[in-house]
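Undergrad: My structure is below; once you've seen it, I'll send some questions.
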Amino acid sequence: MRRWQGEDIWFGADYNPEQWPEHTWVEDVELMRRAGVNLVSVGIFSWALLEPVPGRFEFGWLDRVLDLLHAGGISVDLATATASPPPWLAQRHPETLPRRADGAILWPGGRQAYCPSSPVFRERSLALVEAVATRYAAHPAVVMWHISNELGCHNVHCYCDVSAEAFRRWLRERYGDLDGLNDAWGTAFWSQRYGDWAEVNPPRLAPTFANPTQQLDFLRFSSDEQRAQLRAEREALGRLVRQPITTNFMIGTGIKYLDYHSWAADVDLVANDHYLTAADPDSHLGLALAADHTRGVAGGEPWLLMEHSTSAVNWQPRNVAKTPGQLRRNSLAHVARGADGVLFFQWRASRAGAEKFHSALVPHAGPETKVYREVCRLGADLKALAEVRGSRVDAEVAILFDFEAWWGAELDSHPSADVEYADRLRALHHSLWRAGVTADVVHPSADLSGYRLVLAPTLYLVRDADAEALRAFVEAGGTALVTYFSGIVDEHDHIRLGGYPGAFRDLLGVRTEEFFPLRAGERVNLDDGSIADMWTEWLHADDAEVLASYADGPLPGVPALTRRTVGAGAAFYVGTRLDTAATDRLVARLVAESGVRPAVEAPAGVEVVRRRDGGRSWLFAINHTDDEARLDLTGTELLTGERCAGELVVPAGEVAVVREDPTAEPA
Ligand code: GLA
């Protein structure tokens with residue numbers, strides 16, 4: 001791994017100077033300096049300018065931009081510029097255009113119009129990478145390399161003939177021969193048996209449900225094809241440059257089809273883009289989950305927020321602007337949760353193009369604005385927080401997350417279309433948030449030994465080794481919760497027989513003989529007063545204590561919530577979708593039983609997270625309420641420089657970061 005942290009917390013944005021006349025660049029650097037910007041990502045969508053005709057490179061403008069930034073003391077995260085091919089590629093090589101499942105071609109005019117398996121695209125993009133890297137490897141402004149941009153954001157699934165051939169190669173690699181493929185795909189069903197590799201295709205538009213394992217393998221293949229571009233660019237760069245190399249992931253913005261847990265090994269630092277769901281009044285809870293997941297992908301190491309927005313975006317149905325103070329709360333929440341850099345899309349709001357209504361650090365109205373003033377304040381805040389750089393976030397809880405389980409859980413022809421993979425993940429994470437408890441969101445194969453409590457929401461697809469690891473965690477004294485529709489299938493999407501939740505049946509001491517999904521809007525009561533909806537199941541608590549049963553609905557008297565003592569620990573199962581109040585009660589019980597502690601006791605709506613480095617610790621308190629909050633803390637508040645002795649006051653909507661006195665919190 002190449003070292004990526006600087007002297008300060010990174011602060012900056014995507015910078016697209018090619019959209020502006022050169023005289024604007026001078027003002028840009030001046031405004032960047034005023035705001036405290038120290039890192040900008042340059043060249044992300046510059047391919048068409050850098051290589052206006054195939055094989056002829058024009059670097060003059062980029063030389064001038066990099067020199068200007070360097071003279072201004074601003075570092076550069078330089079893009080490989082391969083994010084979107086120029087129009088000449090499709091015109092000369094129409095076979096590089098991606099196709100949808102129905103055969104329709106996706107044309108240039110937007111961005112990312114290329115087939116991820118195209119050898120032509122690969123060759124041309126690597127030629128560009130080599131040219132850019134050769135020219136700028138030694139440029140003093142360049143401190144980091146940015147491969148492509150949001151790989152697979154728009155073109156993750158391509159069903160063209162080139163992709164079909166690549167899919168066959170991937171399948172041969174995975175299964176060796178057609179017998180292996182036929183077994184894995186269960187092709188004895190519906191006369192699907194393959195006798196020749198040429199008969200095998202991506203799951204193109206079909207008369208009815210396509211084979212689920214074919215679908216699952218195509219999703220794995222598609223993620224791997226995007227990853228292959230990342231690895232190919234990384235390899236090309238790695239030969240030529242010495243700076244750390246990354247690309248921007250899209251964790252927590254609803255992007256489903258890229259298996260970032262597997263990609264993390266291919267970057268020197270994990271970088272993420274996160275955008276709020278503007279329609280959600282509690283969007284800061286989604287932010288916290290995205291950040292905790294990014295940290296999980298990064299293996300607990302600090303990570304870089306490569307993009308978020310100063311205010312509204314342009315691509316949601318109603319692009320709600322950020323209220324005063326929200327930019328700061330959002331940015332510092334990412335830092336609280338492990339980000340050692342806060343960057344935005346983008347520096348200056350565009351005049352033209354599809355993103356002209358997207359917010360930026362410098363709005364259309366110029367620097368005399370709420371946004372630019374808040375940007376300057378954030379720059380000063382981040383400067384004051386430099387000492388937290390490199391520290392790690394305290395978390396005693398892990399939530400298991402597997403992209404493949406997500407893909408599998410939401411395939412078609414299932415018991416209920418209402419089962420959404422991330423639904424319980426969100427519910428449990430939000431409940432922990434309200435309790436002031438920080439969780440890492442990690443892959444099921446992660447080392448669980450450092451946690452007290454592990455939650456497995458909707459872990460539909462699970463490997464034997466991962467199920468075994470959860471059992472070992474509980475036996476060793478941990479507490480675990482498994483929710484409905486977990487442990488159902490193996491990695492081929494084949495049912496684990498003998499009763500649900502197959503992989504976790506023994507651990508939990510329960511056995512479900514039949515699912516009883518509920519009708520839309522139907523609710524059930526439990527005999528402990530809880531309310532639930534959407535899902536119930538005919539469950540036998542063969543070797544578990546029953547904590548609650550259904551009081552009504554299709555299964556009166558049947559257990560809904562169970563607990564089993566296992567070795568030195570305990571394993572809980574919940575077979576229905578509890579409402580928020582009941583989920584909060586369950587989480588409170590799990591937290592108490594496992595001995596997990598909140599970062600600090602805090603009033604409702606105040607987000608609290610602790611970062612720690614050896615004997616030092618910093619408590620972040622983000623007040624999302626309209627009332628002043630008081631916390632029991634002793635130390636130095638870094639954003640104001642003031643001491644707090646026993647009590648920290650956080651005004652409404654404000655943020656505080658306290659370097660705790662060493663005795664304040666036992667390590
Ligand atoms: C993504 C992209 C950027 C820009 C923003 C807009 O994060 O990487 O190029 O399109 O979205 O929100």
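Undergrad: Could you state the per residue volume, in Å³, of the convex hull enclosing the Cα atoms of the stretch 38-268? Intermediate values should be presented prior to the final figure.
TA: Values: hull volume 30.7 nm³, N = 231.
Per-residue hull volume (Cα only) is 133 Å³.
Undergrad: Given a 1.4 Å probe and the protein chains all in place, what does the accessible area of residue 209 round to, in Å² to the nearest 10?
TA: Roughly 100 Å² of residue 209 is accessible to a 1.4 Å probe.
Undergrad: To continue, here is another question. Where the eigenvalues come from the Cα gyration tensor of the chain, what are the semi-axes √(5λ) of the equivalent ellipsoid, largest first, in whole Å?
TA: Largest first, the chain gives 41, 35, 20 Å.
Undergrad: Let me ask you something else. For the stretch 386-409 and the stretch 272-303, what is the centre-to-centre distance using only Cα atoms, to the nearest Å?
TA: 10 Å
Undergrad: Ordering 23, 274, 154, 430 by accessible area with a probe of 1.4 Å, largest first, what comes out?
TA: The most accessible residue leads, giving 23, 154, 430, 274.
Undergrad: Antiparallel as a % of all DSSP beta bridges within the chain, to the nearest 5?
TA: Numbers: 48 of 91 bridges.
Among the beta bridges of the chain, antiparallel pairing accounts for roughly 55 percent.
Undergrad: Ok, one more. Could you give the C-alpha radius of gyration of the stretch 29-161 expressed as a fraction of 2.2 N^0.38 Å, taking N as the number of residues it contains?
TA: Numbers: Rg = 16.4 Å, N = 133, 2.2 N^0.38 = 14.1 Å.
Cα Rg divided by the expected 2.2 N^0.38 Å: 1.16.
Undergrad: Within the stretch 420-522, list the trypsin sites (Lys or Arg not before Pro) lying in a DSSP loop whose Cβ has at most 13 other Cβ atoms in a 10 Å radius. List each step's numbers first, then the result.
TA: On the way: sites: 424, 426, 434, 452, 463, 471, 496, 505, 511, 519; in loops: 452, 463, 496, 519.
Taking the stretch 420-522 and a limit of 13 other Cβ atoms within 10 Å, the loop trypsin sites (Lys or Arg not before Pro) found are 519.
Undergrad: In whole Hz and in residue order, list the ³J(HN,Hα) couplings for the stretch 97-108 that follow from phi through the Karplus curve 6.51 cos²θ - 1.76 cosθ + 1.60, θ = phi - 60°; x for Gly and Pro.
TA: Ordered by residue, 3J(HN,Hα) equals 6, x, 10, 7, 4, 8, x, 5, 8, 9, 8, x Hz.
Undergrad: Can you give me the three principal axis dimensions of the stretch 301-439 from its C-alpha atoms, in Å, biggest first?
TA: 55, 39, 23
Undergrad: For the stretch 397-594, rounded, prolate or oblate, judged on the Cα gyration tensor with a ≥ b ≥ c (square roots of eigenvalues), a/c < 1.5 rounded, else prolate if a/b > b/c? The partial results should precede the final answer.
TA: Numbers: a/c = 1.31, a/b = 1.13, b/c = 1.16.
It is rounded, given that a/c, with a ≥ b ≥ c, falls under 1.5.
Undergrad: Calculate the length of the line joining the C-alpha centroid of the stretch 342-360 to that of the stretch 364-385, in whole Å.
TA: Computed from Cα coordinates, the inter-centre distance equals 15 Å.
Undergrad: Here is a follow-up. May I ask you to derive the relative contact order of the chain, considering only C-alpha pairs under 8 Å and at least 6 residues apart, and to give it as an integer percent? Could the numbers behind the result be given before it?
TA: Values: 1428 pairs, mean separation 68.6, N = 667.
That works out to 10 percent.
Undergrad: On a C-alpha basis, how far is the centre of the stretch 61-127 from the centre of the stretch 322-338 in Å? Whole number, if you could?
TA: 32 Å
Undergrad: At q = 0.17, 0.21, 0.24, 0.29 Å⁻¹, what log₁₀ I(q)/I(0) does the stretch 606-664 have when each alpha carbon counts as one equal point scatterer in the Debye sum?
TA: Per q value, in the given order, log10 I(q)/I(0) is -0.48, -0.72, -0.92, -1.26.
Undergrad: So for 183, 528, what's the accessible-area order with a 1.4 Å probe, most first? Write down the numbers at each step before the final one.
TA: Working: 183 110, 528 75 Å².
Putting 183, 528 in descending order of accessible area: 183, 528.
Undergrad: Please calculate the 1.4 Å probe accessible area of residue 543, with all protein chains present, and give it to the nearest 10 Å².
TA: Result for residue 543: roughly 80 Å² accessible.
Undergrad: Taking the C-alpha atoms of the stretch 533-667, how large are the radius of gyration and the largest Cα-Cα span, Dmax, in Å?
TA: 20.7, 60
Undergrad: Ignoring ligands, DNA and RNA, please state the percent of accessible area on the chain from carbon and sulfur, probe 1.4 Å. Please list the in-between numbers first.
TA: Details: 12850 of 25630 Å².
The C+S portion of the solvent-accessible surface of the chain is 50 percent.
Undergrad: Would you tell me the accessible area of residue 416, worked out with a 1.4 angstrom probe on the heavy atoms of the protein chains, in Å² to the nearest 10?
TA: For residue 416, the solvent-accessible surface is approximately 20 Å².
Undergrad: Follow-up. When ligands, DNA and RNA are left out and all protein chains stay put, how many square angstrom of accessible area per residue does the chain have with a 1.4 Å probe?
TA: Details: 25630 Å² over 667 residues.
Dividing the accessible area of the chain by its residue count gives 38 Å².
Undergrad: Let me ask something else about it. Chymotrypsin sites (Phe, Trp or Tyr not before Pro) within the stretch 309-401: which are DSSP loop residues with at most 15 other Cβ atoms inside 10 Å? Walk me through the numbers before you get to the answer.
TA: Numbers: sites: 315, 344, 345, 347, 357, 372, 401; in loops: 315, 345, 347, 357, 401.
Sparse-neighbourhood loop chymotrypsin sites (Phe, Trp or Tyr not before Pro): 315, 357.
Undergrad: Of the GluC sites (Glu not before Pro) in the stretch 367-415, which ones lie in a loop per DSSP and count no more than 12 other C-beta atoms within 10 Å?
TA: Details: sites: 368, 374, 387, 396, 404, 410; in loops: 368, 396, 410.
Here the sparse-neighbourhood loop sites are 368.
Undergrad: Nearest 0.05, what FRET efficiency do residue 59 and residue 386 give at R0 = 35 Å with Cβ-Cβ as r?
TA: Numbers: r = 34 Å, r/R0 = 0.97.
Efficiency for this residue pair is about 0.55.
The values are calculated or read from the model by the stated rules, or taken from the named source; none is laboratory data. As the structure is a computational prediction, the values presented were derived from the model and not from experiment. We place every Cβ from the backbone using ideal geometry, glycine too, and count neighbours over all the protein chains shown. What goes into the accessible areas is simple: the full protein's heavy atoms, side chains included, and nothing from ligands, DNA or RNA. Shrake-Rupley method; radii C 1.70, N 1.55, O 1.52, S 1.80 Å.
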